[in-house]
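The values are calculated or read from the model by the stated rules, or taken from the named source; none is laboratory data. A quick note: this is a predicted structure, and the numbers were derived from the prediction, not measured. Here Cβ is always computed from backbone atoms with ideal geometry, including for glycine, and neighbour counts include all displayed protein chains. Quick note on the areas: whole protein, heavy atoms, side chains included, nothing else; ligands and nucleic acids left out. Shrake-Rupley method; radii C 1.70, N 1.55, O 1.52, S 1.80 Å.
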Amino acid sequence: MRRAFLSFVMICFSGVVYGQTELSTEPNRLIGFKEYFQKEKNQKISQISSTNFEVYWVNARDALISKALLMHLEAAYQELGPLFLSKKTSQKIPVEIYPDLYTFSAVSKLPLARFRATGTIALTLDQRLMLLSPRNSASGYSWAETAVHELVHYLVREISPDYIPIWLHEGVAQVYQGYPVEKESSLKPSQWGLFKKFKEKDALLSLQALYEPFPYKKDPEEAELSYIQALLFVQWIEKKCGVLELIRLTGSYRNLNSALEQCTGQKIESLKKEFIPKIMNGIKIPIDRDVEYYALDLSGQKDVEVEGRKADKKSRDFALISSKLFNQGRYRGAAYEMEKALKFTPVAPPSWRRQLAASYKRSRRHEDFEKILHEVVQDYPNDAGSWYLLAQKAIEDKKFKLARSYYLKAFYHNPFLDGLEADMRLLGERQSDLAFKFLP
Amino acid sequence: MLSFERYLENQRHRLIFFGLLEALFISTLTLLVSIFFFFLVIYFLVPSVRFFGGLEPAAFWLGLTISLSIFCWSFWKQRNRFLYVSLVQACEVIESQSPYFRLNPLHRSELRTVGYFLENQDHPTRSFDFHFAHVEKWKLKLSDFVYSVRPRYRLLASSVAIFVLISTIGSFFSMKGMILPSHVRAWNPEQFEILLPHQDATWQVDNGALSGVEGSKVRFESPNFGIFTPYLFVKEIEDSWKAIPCQERCEFKLHKRGRYAVGTLFYRSAYFPLQVFADEKPKGVLFAKRGEELIPEATIDLLNIEEVALHMTASDDIHIKKIRLLHQFEDQEEVLFEKPLQAKRYKADFTLSVEGWKGGSHHIFLEVSDASKIILSLPITIQYADEETLRQERLKNLEVLITEWVHVLGDLIETEIDKKLHPMLRQRLNEMEFPESGEAELINAYVKELSLLRERILKWIAMPNFNETTSFIERVERQILYGLSLIFQEKSGDIRDSSDRLTSSRESIEKLLQNIRNGEQALDSKQLQEAFDKLNKALEELREKMKNLPQGPNDEMINREAMQEQMDQSEQLSERIKQIQEQIANGDDAGALNELESLMNQLSILSKSIDRALQQMKENVDKGAIQASKEFLKQLEEVRNQQETLKDQTTKLKERLEAENKQLKPTDPKIKKQIEEDLKKAHEEQEGLEKKLEEAVKMFDEKMKGSEWEPLFRSEESKNLEEEAGENMNEAGRAIKAEEGFQAVAEQREAIEALRKLAETQEQKQKQAMQSIQPPSREEVTRSQVDIISSQGKGERERRRKILESLQKKVDKPYQKSHEQYFEELLQR
């Protein structure tokens, strides 16, 4: 759960930074990407551009994603641009891929410790989209989606550089980050679970609380809850006058409260009063086993929670035994034990199920292998490893088109996954019509 | 066609050549004669006569000079043979050698005249016509007398003489070493002196045949042979005779046995034998001393003992020069004791201190040296087992055992899936070996449990009921998990050790840092460098140990580039230490101090995180389980006491029954009824006790389920005893009902015994468990029960990795505070 939370925080932290910069009156502008790398570091900068974007990178390996990133952003902009802006921006939007956290920290002037603490991987500062290269993460991250998330921040600031609070920024960015592929924004089971837990505890955040910078919340759970409530509130506003309209109104009034009153038809005081009891509590939480699990408060002493903890421990025990069997080459036994481990927890890490899949494969249970991997990608759509394994299976079955789509999924979440690039190229060589043209 | 003048000229040249050869040959002949003479002088006259003693070199050079002078003189004397050869001489030789002149002796001297005329053509008094006509006449006869002159016979004779002389001199030279006079005169050896082959040896007088150790020198007084030089003639085996001139004494170094004689170059004594013995290697034996008993080549197992008694003996046929006691461990060698000696034998006790030794196999040797040889004794091997070695060994054995059981589990699972006994299961169990685990009680208990489990499975394999497979799988799973937790405990002990060392290194650096700030110490002090070295070592050790903790499933589907970068960065702490050292070396004191402070902060966080993790392990101990065990023990005591009381009652009842049965008359119905009622009551009580035990066991089972202590408290051994007690109680109840008093009492007694053993076992396990959760000495920490899984789940492992990696990364000073705060938060999660 913490991992899910952390990854969520990673994606969303950009808004906080936005908030910080908004509050800051410091006149110092950031050092430019070129200025930093060329003049200070004496490194060669590579660049690629399209109609509306310019992508810069330093490490040669990042060329792997540069073209795909450009294409993805351009496609998203084709749809988001008209939604947000009445006219096109006059200049190309700069997208900077940073080779590591140190340089990212140095250019953005944000402390390295803060980067580590919040897991920040992308920022929008001075209307520059800044991304940390996915090379830095062993399990990768959804870099394309993150880039669109940052693009939304950019577009919001194009409408109204000031007056937009963090909850609105983050809410809107979450709503549109799936463009151009996924246009419906929704919460993950873990997020619903957290929301439910706080709702049941009567501890949801007030509207005022959402104005405070999210990463400075008292604990990571509360920070995550801020993001969740921001998204839910923006979805609620969408049903009123539309969130983009609200942003435009804010820009025109130079005041959010007036815009909110006009948008919702409610006085701001009443809106604040009704925020938790009516708006937040009125949201229907999906009924789901996973949601229920995440809603468990494991910090208390209730019997059910203790049971939950015990079950969690049991599943880890079985996973451990499974791992021991796997390492000894006892794949049937490993599968048997991992199945037991998964029975006791609805939220096993994807690597467990991947290991189960590997055990199936090695004990020649190919159907089970495929089935379990499909389950993993359903629960963890960002799990590049599972997509990659599925693609390999599709190649074995000579389903090349399917394999291509699986490779793409893996690529968009962890492009530097071991062996992925080589396999993608191989597929392109075997089936020229299925070649990945964005590869360098 | 060859001209007449040319012919004569050619012949003259030939004659010059032959003349040169002759001169050379004759001179050489003279030289050889003189060499031969001097050879005789140098090698026979000078060595033979005492008066010339020591003149050999002078005689040699003198002889050489004289011989060369004679050669030159002779060659000079022969110069006319090739320097002044005229045509007349050439014609004379032709006349003497050509067959024409032999057949026409009257023409002899005419050709000589031709030669003369040709040589004196420009003479003023000549009669030209006559000359011309005479020459012309012989020109025409050229074809008749033409003949190529040949060397004279003396050339051949002189070359033969040279050959003969060279052979003679060569023979003399080659015979020089073998010259042994054949004429024998009487001489008897008297006493002689001998010098043994070692540095401090002195000449010692001896009698009889010359004899000694190889390499010794022998000498005796030279006999007086008048003017002749005395010689010692020696022939060692496989060698030829050698003549050694004697001065005041005849002296010789013994190499091999053989013969010798004494004499001059003209006569000698009879042969006497030479006796030589090989120099023996010195001998050394090292003994382990046990009381009065001396044990050579011993292998000694030592456990936490600080001294070992040894005894050294050494000897040599000549002289021991030195002894050394050597200690060899892995690749290192040190000298424990060294003593120079001058004796043939040496014996001494030695107390060997093993304090501070590392665990492992140590070898002790005695090295004995004589003048030329060094030997090493057979070693005393000391298997020194310190706590650390024992622990490592236990750990290794445990890991092997668990791996075996992982395979047993695999076999059982496949048996369950296939509903068919896995072909390897029986063999695997039969071949399984259980390690000795020494003092480690928890591991001992664990190994015992596994052994019992093996017996059960083997029994089951004999008549397999596949409905029971799942139960065996669960048992084996429990045992594997418990075993892994034991490994984790052992390894966490390791980590605690390293963490303590890290903390101590950090503290000493901090102290030094404070001293530097106060100006009491220089930044580049040696102490600081040493502290850095220790710190580096502690960090390395800790990193290694953390890496080796038991881990859950590994995620293989990752971006290894990132992992590699992280791994590279994990070296950064060590790198930072290096950087600081460089800064100090470059005189950047301010920068180095800043860096050092930042480094100390990071290390402080690292220590905190490890301490917290270890503390957490301790807190994870399921204290409730111990409480439950105590309650169970109390119940067992209660049941046993009640069973004792019941046994006494049953004994009385048995006696009453026996008394009634002995009577000849029928039993009084009242008494009979009373006995029956008492029996019924006793039976009910017995059943009640059995049920009470069952309930206590069931409740204990429930409480232990899922606990980390389950494998310890609910061991096979306990279960067997519980079953035994239950069965005895049940049997006792049946016997009471059947009025079999003797049987009932016997069963009750056995039930009491089983209950007593059960209570003892529980008490022991409780003790083991309690010991393992006592804070915080290392020994106790290694026994502490921990929730190993909580540290092995991927999330936890990932978190631990992140913390450690992040700690090893450098942050700028302004961010240090927030950096620390972040880790504090992470650690509290």
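Annotations
- Rounded to 0.05, the FRET efficiency of the B:S372 and B:R185 pair, given R0 = 30 Å and the Cβ-Cβ distance, is 0.15.
- Global form of region A:158-234, assessed from the alpha-carbon gyration tensor, a/c cut-off 1.5: oblate
- Tally of Lys pairs whose C-alpha atoms are under 14 Å apart, taken over region A:311-394, 8 or more apart or cross-chain: 7
- Counting only residues at least eight positions apart within a chain, or on another chain, the aspartates and glutamates with an alpha carbon under 15 Å from that of B:K77 are B:E22.
- Gain on full stretching of the segment that runs from B:T651 to B:Q663 - 0.36 nm per residue minus C-alpha separation: 2.4 nm
- Efficiency of FRET from Cβ geometry, B:E638 and B:D701, R₀ 30 Å, rounded to 0.05: 0.95
- Our estimate of slack between B:V160 and B:Q342, defined as 0.36 nm per intervening residue step minus the Cα-Cα distance, is 58.8 nm.
- For the peptide A:322-333, the mean number of other protein chain Cβ atoms found within 10 angstrom of a residue's Cβ is 6.
- Remark: the B:K419-B:K670 segment gains 84.1 nm on full extension, using 0.36 nm per residue and subtracting the alpha carbon distance.
- Inter-label distance for B:K141 and A:I45, nm, one decimal - labels placed 7 Å from Cα along Cα-to-Cβ: 12.4 nm
- Given A:K239/A:K401; B:K652/B:K703; A:K197/A:K272; A:K44/A:K217; A:K44/A:K88, the pairs whose alpha carbons are separated by over 28 Å: A:K239/A:K401; B:K652/B:K703; A:K44/A:K217; A:K44/A:K88
- Once the C-beta distance of A:L426 and A:Q38 is scaled by a Förster radius of 41 Å, the resulting FRET efficiency is 0.70 to the nearest 0.05.
- Within straight-line cross-link reach of B:K242, lysines at Cα separation under 25 Å, skipping those fewer than 8 residues along the same chain: B:K176, B:K217, B:K253, B:K256
- Across B:K698/B:K719; A:K67/A:K183; B:K681/B:K737; A:K196/A:K284, pairs whose alpha-carbon gap is larger than 18 Å: A:K67/A:K183
- Shape class for region A:354-440: prolate, because the ratio a/c of the largest to smallest gyration tensor axis (alpha-carbon atoms, square roots of eigenvalues) is 1.5 or more and a/b beats b/c.
- Dimensions of region B:76-171 based on its C-alpha atoms, expressed as ranges along the principal axes with the largest first, amount to 64, 32, 18 Å.
- Peptide B:407-418, shielding by other chains (average Cβ, 10 Å cutoff): 4
- Site pair A:S90 and A:D202 shows an inter-label distance of 5.6 nm when each label is modelled 7 Å from Cα along Cα→Cβ.
- Three-way shape call for chain A based on the alpha-carbon gyration tensor, with the a/c threshold at 1.5: oblate
- Where B meets A: accessible area buried, both sides, 1.4 Å probe, Å²: 4500 Å²
- For the pair B:I169 and A:D162, label points projected 7 Å from Cα toward Cβ lie 12.6 nm apart.
- Estimated translational diffusion coefficient (Stokes-Einstein, Kirkwood radius over Cα pairs, 4 °C, 1.567 mPa s) of region B:1-113: 75 µm² per second.
- Net charge of neighbours whose Cβ lies under 12 Å from the Cβ of A:A403, counting Lys and Arg as +1 and Asp and Glu as -1: +4
- The share of C-alpha pairs in region B:283-394 whose separation exceeds 22 Å stands at 33 percent.
- Under a model in which nothing but the beta-carbon of Lys, Arg (+1) and Asp, Glu (-1) is charged, chain A shows a dipole of about 920 debye around its Cα centre.
- The lysine pair count for region B:324-425, using Cα distances under 25 Å and pairs eight or more places apart or on different chains, is 5.
- Note on B:473-481: average number of Cβ atoms from other chains within 10 Å of each residue's Cβ is 3.
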